[in-house]
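Everything below concerns the one structure shown next.
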Number of protein chains: 2
Amino acid sequence: MSFEFRVEATAGCARKGRLITPHGEVETPVFMPVGTLASVKGASQDILEDLGVQILLGNTYHLYLRPGIEQVRKLGGLHRFMSWNRAILTDSGGFQVFSLNDLRKVTEEGVMFRSHLDGSSHFFSPESAMEAQIGLGADIIMAFDECTEHPASGERVRQSMELTLRWAERSKRYFEAHKHEVPWANHAGPDIPSRQPGEARRLAKLPSAEPARRPAPTSADATQALFGIVQGGMDPALRQESAQRTIETGFPGYAIGGLSVGEPRALTREIVEATIQHLPADKPRYLMGVGTPEEIVEYATLGIDMMDCVLPTRAARHGLLFTSEGKVSIKQARYAGDQGPLDPRCGCRVCVRYSRAYLRHLYASNEVLAQVLNTIHNLSFYLDTMRAVRHSIELGEKVRSLSEVWSPPEP
Amino acid sequence: MSFEFRVEATAGCARKGRLITPHGEVETPVFMPVGTLASVKGASQDILEDLGVQILLGNTYHLYLRPGIEQVRKLGGLHRFMSWNRAILTDSGGFQVFSLNDLRKVTEEGVMFRSHLDGSSHFFSPESAMEAQIGLGADIIMAFDECTEHPASGERVRQSMELTLRWAERSKRYFEAHKHEVPWANHAGPDIPSRQPGEARRLAKLPSAEPARRPAPTSADATQALFGIVQGGMDPALRQESAQRTIETGFPGYAIGGLSVGEPRALTREIVEATIQHLPADKPRYLMGVGTPEEIVEYATLGIDMMDCVLPTRAARHGLLFTSEGKVSIKQARYAGDQGPLDPRCGCRVCVRYSRAYLRHLYASNEVLAQVLNTIHNLSFYLDTMRAVRHSIELGEKVRSLSEVWSPPEP
């Protein structure tokens, strides 16, 4: 068995669990940082490990264009290519095809689209999206779906949902026939060759040495897990039908797609609640593309196990920082002389070491270190938030909001 | 005594020594990474510490414009502002005034120049350059000099040298009268307040904690050291005269300025040799603005103790990497499938972990991690090179070239 999900504790609807993947375990509810092009922009893999990241998200669409699936596959898959030996999830490319391409053409067979880089024509089908994701070799991969736009007519939402259901079956069929082609299949040993200090440092005159990096071995029959995606627009009845019919096809995990596409937040919540109740309790539930710090706490309390969003890393690049005291726009002149830490309740390496004045200076001076440090803090804030949520669930405590997570303990 | 230099071993003209500064010791010969705007572009202070950086260079001209001297002074000086508790050296601003300003106007009193950021007018004199450097509070600061252009007539070089000598006296006079105004003067305790894990992490629900950073205390009477700068263009006789008269004024260290300004490398070497022989053996010798990996080895063998250059960090940003096998332009398509490490003889965290294929992908995709990783490797290569040179001197071995430094040991 190469993929497993265990629910270890519950508090209300929220669950604390554990994904067991060929590249290590992932404690849930989990927020997955986005590493679009095999890199979480601004954060090195060492830093991500130090932050406690257990799973990263990669974008099939972007990696398909650069450096190309075949290139990554030949280099041993995404884990080895980017030297990341913990878990990875890839999306199917569907969302980017829909969001980055105004000229896409959807047929029963698949989607014709143009590269946002050079305008060249490409085609994704359920089969080719599976082939791409098998070549990349993430631990968890996603069925190829159509992300229904919002707003859309009832008829349009139903047709789109039906297409996604047919594509889910085709995704699964292709996956089952080809899943053992994953680049690291049947590799019993470590899949990232790491050099020993003695090998690495043949410079005789230098006495010091780096510690060796030893990846966790993958088991001999390990392969990927394919998740299904529930669509159905903003219609609870269609969401229920989509959930039930996706479950009939059968997957080891279920995602809720087609949300956070411009609808009001109350509606997102309503649809999440309406969908979750039809998803099996013993399988992981992944809400795609959310959210703010407040939202990731809220959805975890509803029973969501996995989330991803570019918000913490993208906001960091724009000087927008999430703290226990609310959002901080570090570019503001008011911080130029502020000797305090960015977030006095945060223990990340940025908050422990640097002042708001210094972070403001770096941002105002367009120093690359601004992006690096801002990204580390925002990711730390998201990960610490989820860590605290998991801890509360473990204690059987209901977490109600972000501010409760970050409030000081009662005296 | 807040500044001291000890020669601990020699091999030919080369010396291994130690600078003792109010912010720690610096082993020489040393290469000083450049942190123009209170940041070594792409490398966080943690990384610099891990690389073994003992001294950084800051640029007075750039810091004067952003965030401003008074701002840094109010925030406790440059060490505290950027949270760097090891040694810092600042230049006087003279070189940037000359290299970045075509419209500068030099008088006996000083230099009128325009900001490269907004064109605003500013004036640096020996006194104001000292005031600025005292406000920044580096451990080692530089006299205000005129960097003579090359080529220049004999008469022009002499007049420029005489001006630099008069400015050296004015720099010293101002410095002696004001040196106890350094922001960290008379602070017997740590000058960077660091939070305890208990203070930092008041988030009760999180059990883990970061280690506290405890800066080294500065002694109660510690202050800065002002170095003189030898000019004299490409004329050995004028260099000798400049050295002798600068020594008459009297400084705890001497820099060789006005080189690496476009002259052939053989001439640079000739002038360095012609100047060094007139500098006192018991004082540190700083060759400003050099050089390539080959050059820093060469100048160390001639008896230079300190060097600085933007080359490793700037080249990194352009994908040019220095290795034991020569220069690597990582953007080249030939590296797209190269699974080997950037430099098989290097033990830095980049070479131990990532492949050339991944580094090439990051650069080609314009990922910010490219700059971060390239910068770490290039700095590591420079620092390891100097470390090996020091080790050789300690063993009494003459080091002749970079390739000798990085050659594998004899079987």
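The values are calculated or read from the model by the stated rules, or taken from the named source; none is laboratory data. All values derive from a computational prediction rather than experimental measurement. Positions of Cβ are backbone-derived with ideal geometry, glycine not excepted, and every protein chain shown enters the neighbour counts. For accessibility, only protein heavy atoms count, side chains too; no ligands or nucleic acids. Shrake-Rupley method; radii C 1.70, N 1.55, O 1.52, S 1.80 Å.
Annotations for the structure displayed:
- Where residue A:326 falls short, out of the listed (1) at pLDDT 95 or above; (2) at negative phi; (3) open to solvent by less than 40 Å² (accessible area, probe 1.4 Å): (2)
- Residue selected from the range B:41-52 under the condition assigned to a loop (DSSP other than H, G, I, E, B) and within 8 Å of chain A (Cβ to nearest Cβ), by the criterion farthest from residue B:317 (Cα to Cα): B:44
- Scope the range B:337-352; condition in contact with a Leu (Cβ under 9 Å, 6 or more places away or on another chain) and either open to solvent by less than 20 Å² (accessible area, probe 1.4 Å) or in a helix (DSSP H, G or I) (or both); matching residues: B:342, B:343, B:346, B:347, B:348, B:349, B:350, B:351
- The listed residue being among the small types (Gly, Ala, Ser), in a loop (DSSP other than H, G, I, E, B) and crowded, with 23+ Cβ neighbours inside 10 Å, out of A:138, A:132: A:138
- Summed over the range B:154-182, residues that are closer than 17 Å to residue B:252 by Cα and of a type in the set (Asp, Glu) total 2.
- Of the strands (runs of 3 or more DSSP E) entirely within the range A:1-40, those holding at least 1 residues that are of a type in the set (S, T, N, Q) occupy A:4-11, A:14-21, A:24-28.
- Count - residues of the range B:361-372 that are more than 7 Å from chain A (Cβ to nearest Cβ) and under 25 Å from the mean Cα position of the chain (by Cα): 1
- Matching residues, the range A:332-360, being in contact with a strand residue (DSSP E or B) (Cβ under 6 Å, 6 or more places away or on another chain), more than 18 Å from residue B:73 (Cβ to Cβ) and facing chain B (nearest Cβ under 8 Å): A:351
- Single residue of the range B:399-411 satisfying the filter (more than 9 Å from chain A (Cβ to nearest Cβ) and in a helix (DSSP H, G or I)) that is most open to solvent (accessible area, probe 1.4 Å): B:403
- Pair list, Cβ under 6 Å, 6 or more apart: the range B:122-134 residue within 19 Å of residue B:22 (Cα to Cα), other residue open to solvent by 10 Å² or more (accessible area, probe 1.4 Å): B:130/B:174; B:132/B:64; B:132/B:69; B:134/B:178; B:134/B:181
- Filter result for residue A:115 (among the polar types (S, T, N, Q) and over 18 Å from the mean Cα position of the chain (by Cα)): yes
- Positions within the range A:53-110 being within 14 Å of chain B (Cβ to nearest Cβ), of a type in the set (Phe, Trp, Tyr) and part of a helix (DSSP H, G or I), in sequence order: A:61, A:64, A:81
- Qualifying residue in the range B:165-173 (condition: open to solvent by less than 10 Å² (accessible area, probe 1.4 Å), farther than 23 Å from residue B:262 by Cβ and of a type in the set (Ser, Thr, Tyr)): yes
- The single condition among (1) in contact with a Leu (Cβ under 9 Å, 6 or more places away or on another chain); (2) farther than 24 Å from residue A:374 by Cα; (3) at pLDDT 95 or above that residue A:80 does not meet is (1).
A quick yes/no check of all residues on (1) modelled with pLDDT of 95 or more; (2) under 17 Å from the mean Cα position of the chain (by Cα); (3) closer than 23 Å to residue B:331 by Cβ:
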| site | (1), (2), (3) |
| --- | --- |
| A:28 | yes, yes, no |
| A:45 | yes, yes, yes |
| A:53 | yes, yes, no |
| A:63 | yes, yes, yes |
| A:66 | yes, no, yes |
| A:73 | yes, no, yes |
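- Search result, residues across the range A:6-50 that are more than 23 Å from residue A:183 (Cα to Cα), among the hydrophobic types (A, V, I, L, M, F, W, C) and surrounded by fewer than 20 Cβ atoms within 10 Å (Cβ to Cβ): A:7, A:9, A:11, A:13
- Condition check for residue B:383 on (1) under 16 Å from the mean Cα position of the chain (by Cα); (2) away from chain A (no Cβ under 14 Å); (3) among the aliphatic types (A, V, I, L, M); (4) open to solvent by 10 Å² or more (accessible area, probe 1.4 Å): one failure, at (2).
- Residue within the range A:61-74 that is open to solvent by less than 10 Å² (accessible area, probe 1.4 Å) and under 20 Å from residue A:388 (Cα atoms) present: no
- Residue count for the range B:93-104, restricted to those that are aliphatic (A, V, I, L, M) and surrounded by fewer than 18 Cβ atoms within 10 Å (Cβ to Cβ): 2
- Selection from the range A:105-129 of residues that are under 14 Å from residue A:168 (Cα atoms) and either open to solvent by 10 Å² or more (accessible area, probe 1.4 Å) or small (Gly, Ala, Ser) (or both): A:108, A:109, A:110, A:125, A:127, A:128, A:129
- Single unsatisfied condition, residue A:396 versus (1) outside any helix (DSSP H, G or I); (2) surrounded by 23 or more Cβ atoms within 10 Å (Cβ to Cβ): (2)
- If you filter the range B:312-331 down to residues that are part of a loop (DSSP other than H, G, I, E, B) and more than 10 Å from every other protein chain (Cβ to nearest Cβ), you find that the one that is farthest from residue B:291 (Cα to Cα) is B:331.
- Residue in the range A:88-104 that is touching a residue at least 12 places away in the same chain (Cβ under 8 Å) and in contact with a Pro (Cβ under 8 Å, 6 or more places away or on another chain) present: no
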